[in-house]
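The values are calculated or read from the model by the stated rules, or taken from the named source; none is laboratory data. All figures in this text were calculated on a predicted structure; none of them were measured in a lab. Here the Cβ positions follow ideal geometry from the backbone for every residue, glycine too, while neighbour counts run over all protein chains shown.
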């Protein structure tokens with residue numbers, strides 16, 4: 001099983017250093033398994049991260065490299081398709097974001113037997129929707145946006161639990177991808193989750209959007225308490241999944257991983273500075289500094305993964321395909337860019353290492369980043385500066401917060417990272433470095 005949180009930074013969880021929000025079940029998962037400290041998201045926003053996770057490719061290769069209406073194509077191979085070849089039943093619940101209805105990118109055409117959730121990631125901003133998708137049909141909730149009767153996150157959890165219970169009654173192996181939408185804004189959560197924080201948290205004031213709820217993110221009178229409540233509700237429901245797996249006697253034969261899709265956001269009333277969501281790291285969502293892409297990864301597999309273990313292995317979301325392929329004895333997609341971290345998980349065998357990790361991002365002037373060992377290179381304004389624009393250089397071993405740019409002390413590294421960037425990326429008709437007006 002793979003559980004993905006939405007817009008939560010590495011420091012938004014107690015086991016990574018969070019002091020205000022309570023995440024006891026995720027913290028317990030870390031105590032029962034392995035916690036990674038050099039793990040990275042596929043991208044710094046939602047859709048490309050999910051594309052990297054599913055296709056096993058970094059953003060220089062994967063089909064979807066930005067938040068857009070792009071979709072996966074039939075020739076794209078997903079983790080679910082790899083596992084189906086190994087005889088696995090496959091389910092996806094939550095936010096997809098890799099293909100709209102009528103396109104070949106929908107989950108049911110990308111290897112998933114079962115899907116319940118949002119296809120469109122913008123619709124996923126709302127927690128009281130009028131419909132979601134059950135496989136290829138809409139499941140309607142009439143009047144829900146105004147009556148506010150069905151908090152869809154709770155249905156995601158219910159559907160996931162029901163699917164696990166159903167699969168647990170068979171001898172068929174299964175893969176469940178729980179792509180939760182908490183704690184992405186809108187700021188919106190039932191009162192029972194928010195109540196514990198109303199007195200404990202000091203608010204800076206309400207979040208007001210004069211166009212809400214028709215346009216933009218929803219206004220909220222106590223945005224900090226709401227965000228904390230959303231995160232604790234996510235934690236509660238991760239615990240429900242763990243408890244069911246234990247109750248059904250599946251724990252010793254089930255690996256469960258937990259991560260988040262990118263760094264924290266300040267949008268819609270969210271307040272990453274107050275919660276210190278990026279911890280010691282510079283940057284937030286839409287940055288390629290560490291705070292935008294350094295991600296939590298926790299893996300639990302009783303009897304296989306040593307309890308309370310920690311790993312500094314450098315890995316990324318696009319390593320999932322290689323890891324599950326090694327685990328199940330199948331072959332990953334031939335064009336994947338990942339490396340299995342199964343040896344790190346099991347504490348045996350030789351763990352291979354990436355020569356480097358690569359990211360590209362097309363918003364806000366365009367950005368690229370490369371991590372090679374402990375050296376991190378970041379290029380800003382890629383659209384304007386071009387393929388030979390300057391790189392900022394940081395030594396993460398002594399400067400994990402990326403405070404000191406070493407570019408002037410190591411001019412020779414400019415050519416090194418230019419070469420790596422040029423070799424990493426393939427051309428894309430949808431995502432390129434042309435100015436947004438279309439001129440070169």
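When you go through 182, 242 one by one, which is the residue that is surrounded by 14 or more Cβ atoms within 10 Å (Cβ to Cβ), out of contact with any strand residue (DSSP E or B) (no Cβ under 6 Å at 6 or more places or on another chain) and outside any loop (DSSP other than H, G, I, E, B)?
Working: 182 fails: outside any loop (DSSP other than H, G, I, E, B).
None of the others qualify; the one that does is 242.
Looking at this structure, is residue 88 over 19 Å from the mean Cα position of the chain (by Cα) and either buried (at least 19 other Cβ atoms within 10 Å of the Cβ) or on the phi > 0 side of the Ramachandran plot (or both)?
Working: over 19 Å from the mean Cα position of the chain (by Cα): yes; either buried (at least 19 other Cβ atoms within 10 Å of the Cβ) or on the phi > 0 side of the Ramachandran plot (or both): yes.
Taking the combined requirement at face value, the residue satisfies it.
With respect to residue 69, determine if the residue is free of Cβ contacts under 8 Å to residues at least 40 places away in the same chain, within 26 Å of residue 172 (Cα to Cα) and surrounded by fewer than 24 Cβ atoms within 10 Å (Cβ to Cβ). Step through it out loud before you land on a result.
On the way: free of Cβ contacts under 8 Å to residues at least 40 places away in the same chain: yes; within 26 Å of residue 172 (Cα to Cα): no; surrounded by fewer than 24 Cβ atoms within 10 Å (Cβ to Cβ): yes.
Here the answer is no, as residue 69 does not meet what is asked.
Please enumerate the residues belonging to the range 403-440 that are loosely packed, with under 12 Cβ neighbours inside 10 Å, closer than 30 Å to residue 70 by Cβ and modelled with pLDDT of 95 or more.
419, 422, 423 - these are the residues of the range 403-440 that are loosely packed, with under 12 Cβ neighbours inside 10 Å, closer than 30 Å to residue 70 by Cβ and modelled with pLDDT of 95 or more.
Check 169, 208 and return the single one that is assigned by TED's automatic domain parsing to the domain that holds residue 221, surrounded by 11 or more Cβ atoms within 10 Å (Cβ to Cβ), over 19 Å from the mean Cα position of the chain (by Cα) and free of Cβ contacts under 8 Å to residues at least 60 places away in the same chain. Show your work before the answer.
On the way: 169 fails: surrounded by 11 or more Cβ atoms within 10 Å (Cβ to Cβ).
Answer to the check: 208.
Please go through (1) surrounded by 22 or more Cβ atoms within 10 Å (Cβ to Cβ); (2) closer than 25 Å to residue 318 by Cα; (3) in contact (Cβ under 8 Å) with a residue 40 or more places away in the chain for residue 127 and return the number of the only condition it doesn't satisfy.
(2)
Say whether the condition of being at pLDDT 95 or above and at positive phi is met by at least one residue in the range 198-209.
Yes, the range 198-209 contains at least one residue that is at pLDDT 95 or above and at positive phi.
Identify, from the list 132, 93, the residue that is free of Cβ contacts under 8 Å to residues at least 24 places away in the same chain, in a strand (DSSP E or B) and in the same structural domain as residue 259 (by TED's automatic domain parsing).
Details: 93 fails: free of Cβ contacts under 8 Å to residues at least 24 places away in the same chain.
Result: 132 is the single residue among 132, 93 that is free of Cβ contacts under 8 Å to residues at least 24 places away in the same chain, in a strand (DSSP E or B) and in the same structural domain as residue 259 (by TED's automatic domain parsing).
If the requirement is being under 21 Å from the mean Cα position of the chain (by Cα) and on the phi > 0 side of the Ramachandran plot, which of these qualifies: 66, 94, 105?
Numbers: 66 fails: on the phi > 0 side of the Ramachandran plot; 105 fails: on the phi > 0 side of the Ramachandran plot.
Exactly one of 66, 94, 105 is under 21 Å from the mean Cα position of the chain (by Cα) and on the phi > 0 side of the Ramachandran plot, namely 94.
Give the residue, chosen from 83, 161, that is part of a helix (DSSP H, G or I), assigned by TED's automatic domain parsing to the domain that holds residue 332, in contact (Cβ under 8 Å) with a residue 40 or more places away in the chain and buried (at least 21 other Cβ atoms within 10 Å of the Cβ). Walk me through how you get there before you give the answer.
Working: 161 fails: buried (at least 21 other Cβ atoms within 10 Å of the Cβ).
Result: 83 is the single residue among 83, 161 that is part of a helix (DSSP H, G or I), assigned by TED's automatic domain parsing to the domain that holds residue 332, in contact (Cβ under 8 Å) with a residue 40 or more places away in the chain and buried (at least 21 other Cβ atoms within 10 Å of the Cβ).
Taking the conditions exactly as written (modelled with pLDDT of 95 or more, surrounded by fewer than 24 Cβ atoms within 10 Å (Cβ to Cβ), within 30 Å of residue 17 (Cβ to Cβ) and assigned by TED's automatic domain parsing to the domain that holds residue 220), does residue 35 satisfy them or not?
When the stated conditions are applied, residue 35 passes them.
Against the definition (in contact (Cβ under 8 Å) with a residue 24 or more places away in the chain, part of a helix (DSSP H, G or I) and farther than 24 Å from residue 343 by Cα), how does residue 11 come out, yes or no?
Numbers: in contact (Cβ under 8 Å) with a residue 24 or more places away in the chain: yes; part of a helix (DSSP H, G or I): yes; farther than 24 Å from residue 343 by Cα: yes.
Yes, satisfied.
Inspect all residues belonging to the range 297-318 and state whether any of them is part of a helix (DSSP H, G or I), modelled with pLDDT of 95 or more and under 15 Å from residue 81 (Cβ atoms).
Step one: list which residues in the range 297-318 are part of a helix (DSSP H, G or I), which gives 317-318.
So of that shortlist, the ones also modelled with pLDDT of 95 or more come out as 317-318.
Subsequent filtering for residues that are under 15 Å from residue 81 (Cβ atoms) retains none.
No, the conditions are met nowhere in the range 297-318.
Using the structure shown, decide if residue 154 is assigned to a loop (DSSP other than H, G, I, E, B) and under 21 Å from the mean Cα position of the chain (by Cα). Lay out the reasoning, then the answer.
Details: assigned to a loop (DSSP other than H, G, I, E, B): no; under 21 Å from the mean Cα position of the chain (by Cα): yes.
So residue 154 does not fit the description; no.
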